[in-house]
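Data block below; observations after.
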Amino acid sequence: MSVIDKVALIRWDGDAILAARTRGREAYYLPGGKPEPGESRLDALVREAAEELAVAVDPATAVRVGTVDAPAHGRAGAIVRMHCYTAESSGTPRPAGEIADVRWIGPADRHLLSPAALAAVEVLRGPSTPG
């Protein structure tokens, strides 16, 4: 079984979490991605937020809030290990790069999330906690 190591930016607005959908995909993911060779997780978080959301993350404010393991969406036999961070950022999140859509997903729409994104929500917020 392969493990895909990723970082994710966690942004809450009340009971909704910020999620992004890549072009050609149906599921929504938490913004972030894989560190490049030699790149720290924090550097990857800053880079991925800029590439996917057109926001500037302040690395001095980044706090690791947890790590989740979940089946990789659309990749049988693979696990996503997602290192989740909160951080202050400047700019309004909008689709950039490979991202087709950015939206806030609340409890009623959690079925739209990828397994790893859903696992992160459940670990960080609770499976049925509305806010």
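The values are calculated or read from the model by the stated rules, or taken from the named source; none is laboratory data. Note that the structure is predicted; figures quoted are calculated from it, not measured. Heads up, the Cβs are rebuilt from the backbone with ideal geometry, glycines too, and the neighbour counts pull from every protein chain shown.
Odds and ends about this structure:
- Matching residues in region 97-116 - criterion: being surrounded by fewer than 17 Cβ atoms within 10 Å (Cβ to Cβ) and either within 18 Å of Asp43 (Cα to Cα) or small (Gly, Ala, Ser) (or both): Gly97, Ala100, Gly106, Ala108
- Among the residues examined, Gly33 does not qualify as exposed (fewer than 14 other Cβ atoms within 10 Å of the Cβ) and in contact with a strand residue (DSSP E or B) (Cβ under 9 Å, 6 or more places away or on another chain).
- All positions within region 17-49 that are among the hydrophobic types (A, V, I, L, M, F, W, C) and either part of a loop (DSSP other than H, G, I, E, B) or within 13 Å of the chain's Cα centre (by Cα) (or both): Ile17, Leu18, Ala19, Ala20, Ala27, Leu30, Ala44, Leu45, Val46, Ala49
- Enumeration of residues in region 60-97 that are modelled with pLDDT under 95 and outside any strand (DSSP E or B): Ala72, His73, Gly74, Arg75, Ala76, Gly77, Gly97
- Flag if Ala117 is within 11 Å of the chain's Cα centre (by Cα) and among the aliphatic types (A, V, I, L, M): yes
- Yes/no for Val46 being farther than 16 Å from Leu112 by Cβ, out of contact with any Ser or Thr (no Cβ under 6 Å at 6 or more places or on another chain) and either touching a residue at least 40 places away in the same chain (Cβ under 8 Å) or among the basic types (Lys, Arg) (or both): no
- Note on region 4-19: among residues that are closer than 17 Å to Ala87 by Cα and either of a type in the set (Val, Ile, Thr) or in contact with a Pro (Cβ under 7 Å, 6 or more places away or on another chain) (or both), the one that is surrounded by the fewest Cβ atoms within 10 Å (Cβ to Cβ) is Leu18.
- There is at least one residue in region 67-86 that is closer than 10 Å to Leu9 by Cα and either more than 14 Å from the chain's Cα centre (by Cα) or surrounded by fewer than 18 Cβ atoms within 10 Å (Cβ to Cβ) (or both).
- Taking region 54-104 as the range and being within 17 Å of Glu122 (Cβ to Cβ), in contact with a helix residue (DSSP H, G or I) (Cβ under 7 Å, 6 or more places away or on another chain) and without any contact (Cβ under 8 Å) to a residue 60 or more places away in the chain as the test, the residues that pass are Val65, Gly66, Val68, Ala70, Pro71, His73.
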